[in-house]
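In what follows, a single structure is set out as structure tokens and then discussed.
The values are calculated or read from the model by the stated rules, or taken from the named source; none is laboratory data. Source: prediction; values computed, not measured. As a convention, Cβ positions derive from the backbone with ideal geometry for all residues, glycine included, and neighbour counts pool all protein chains shown. Accessible surface is based on the protein model in full, side chains and every heavy atom, while ligands, DNA and RNA are left aside. Shrake-Rupley method; radii C 1.70, N 1.55, O 1.52, S 1.80 Å.
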Amino acid sequence: MKSVIFIAPPAGGKGTFSNMICSKYNIPHISTGDLLREATYKDNEMGSYIKEQMQLGNLINDEIIFELIEKRIVEDDCKNGYVLDGFPRSIEQAITYEELLLSLNKDLGCVILLDTPKEIASKRISGRLSCPKCGKVYNSFFNEMKPKYENICDDCKVSLIKREDDNEKTYELRYNTYIEKTQPLINYYKSKNLLYVVNSTLSPEEVLKQIEDIIRGE
Ligand code: AMP
């Protein structure tokens, strides 16, 4: 299977659909956001820097991002493809990533834009909860995304948490960063004929079906 890159505004469904695709096809889910959140749990300078930038809705320094990505995609479980959730997030990252893939003799795969209007994405923020262990995303506002038992991860059985940057103020900042830095990737990948667009406001079943059609067609 080829790798998949998801592009979406914050709360546009990257985490949710990455999880679904990865469990179905048994390939790794690489979320730079999750890897960075893990780093914030460490009580050191790097952890504080990342935490602060996340709260401001800014992108984290490319050097840190590439250290995480380079290390992860050479692992054995990535041999048959992987899903990238939240990376690349700028044209600069996309270019450096292509150079990295070339040096590793790996393919980029396909890029899927989860097209989500801002009003819908920002509404999702207030009900969003995630599992601190496996990263699975739930949403108390949508029946199909609620956990079986309130606030408990269906798989890990641990209490769900709310992300610190899932608040109205930080959402605005994250969204502005998306428009400025990440949205230009849409035309970038379109011009390379690598972009597929899925309307993420359809039912989760329909979105998943469209994503699978794209992946199988690759
Ligand atoms: P996410 O979980 O994808 O919403 O990411 C949460 C936060 O982590 C973002 O708002 C950024 O501060 C940071 N982040 C995640 N991925 C990247 C990336 N590829 N480059 C820079 N910063 C990132």
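Taking a straight Cα-Cα cut-off under 29 Å and skipping sequence neighbours fewer than 8 places away in the same chain, the lysines within cross-link reach of LYS190 are LYS2, LYS14, LYS24, LYS71, LYS79, LYS106, LYS118, LYS123, LYS181, LYS209. Solvent-accessible surface of the chain, averaged per residue with a 1.4 angstrom probe and all protein chains in place: 53 square angstrom.
The equivalent ellipsoid of the chain has semi-axes of 24, 21, 18 Å, largest first, where each one is the square root of 5 times an eigenvalue of the Cα gyration tensor. Can you compute 3J(HN,Hα) from phi for each residue in region 67-83, using the Karplus curve 6.51 cos²θ - 1.76 cosθ + 1.60 with θ = phi - 60°, rounded to whole Hz and x for Gly and Pro? Each residue of region 67-83 in turn: 4, 5, 5, 4, 5, 6, 6, 8, 5, 4, 5, 8, 4, 9, x, 7, 10 Hz. Tell me the carbon and sulfur percent of the accessible area for region 1-89, rounded to whole percent, probe radius 1.4 Å. Its accessible area is 47 percent carbon and sulfur atoms. Loop-located chymotrypsin sites (Phe, Trp or Tyr not before Pro) in region 36-118 (DSSP state other than H, G, I, E, B) with a sparse environment of at most 11 neighbouring Cβ atoms within 10 Å: TYR41.
Restricting the calculation to Cα atoms, region 38-80 yields a radius of gyration followed by a Dmax of 12.5, 36 Å. Computed log10 I(q)/I(0) for region 90-134 at 0.34 Å⁻¹: -1.16, from the Debye equation with unit scatterers placed on every C-alpha and solvent omitted. Loop-located GluC sites (Glu not before Pro) in region 52-96 (DSSP state not H, G, I, E or B) with no more than 12 neighbouring Cβ atoms inside 10 Å: GLU75. Based on DSSP, what percent of beta bridges with both residues in region 1-158 are antiparallel, to the nearest 5? Taking every DSSP beta bridge within region 1-158, about 25 percent pair in antiparallel fashion. Computed on the chain, with alpha-carbon pairs under 8 angstrom and 6+ residues apart, the relative contact order is 31 percent.
When the alpha carbon gyration tensor of region 1-87 is reduced to an equivalent ellipsoid, its three semi-axes come out at 24, 15, 10 angstrom, largest first.
Between the amide H of VAL197 and those of LEU113, distances stay under 5 Å, these residues lying 5 or more places away or on another chain, with hydrogens modeled in the peptide plane. Within region 15-54, which residues have the backbone N less than 14 Å from the label spot 7 Å out from ASN80 along Cα→beta-carbon, could you tell me? Counting backbone N atoms under 14 Å from the label point, the list is 22-29. Applying a DSSP loop filter and a limit of 11 other Cβ atoms within 10 Å to the chymotrypsin sites (Phe, Trp or Tyr not before Pro) in region 138-177 leaves TYR149.
For region 94-218, the equivalent ellipsoid derived from the alpha-carbon gyration tensor has semi-axes of 29, 19, 17 Å in decreasing order.
In this structure, the amide hydrogen of GLY12, modeled 1.01 Å from its nitrogen in the peptide plane, lies closer than 5 angstrom to no residue at least 5 positions away or on a different chain. Using a 1.4 angstrom probe and counting only protein chains, how large is the accessible area of GLU164 in Å², to 10? Result for GLU164: roughly 120 Å² accessible.
Across region 150-218, Cα-Cα pairs farther apart than 21 Å form 58% of the total. Among LEU102, LEU36, LEU173, the largest mean-square fluctuation in a Gaussian network model of the chain (Cα springs under 10 Å) belongs to LEU102. Counted over all Cα-Cα pairs of region 110-169, pairs farther apart than 20 Å make up 31 percent.
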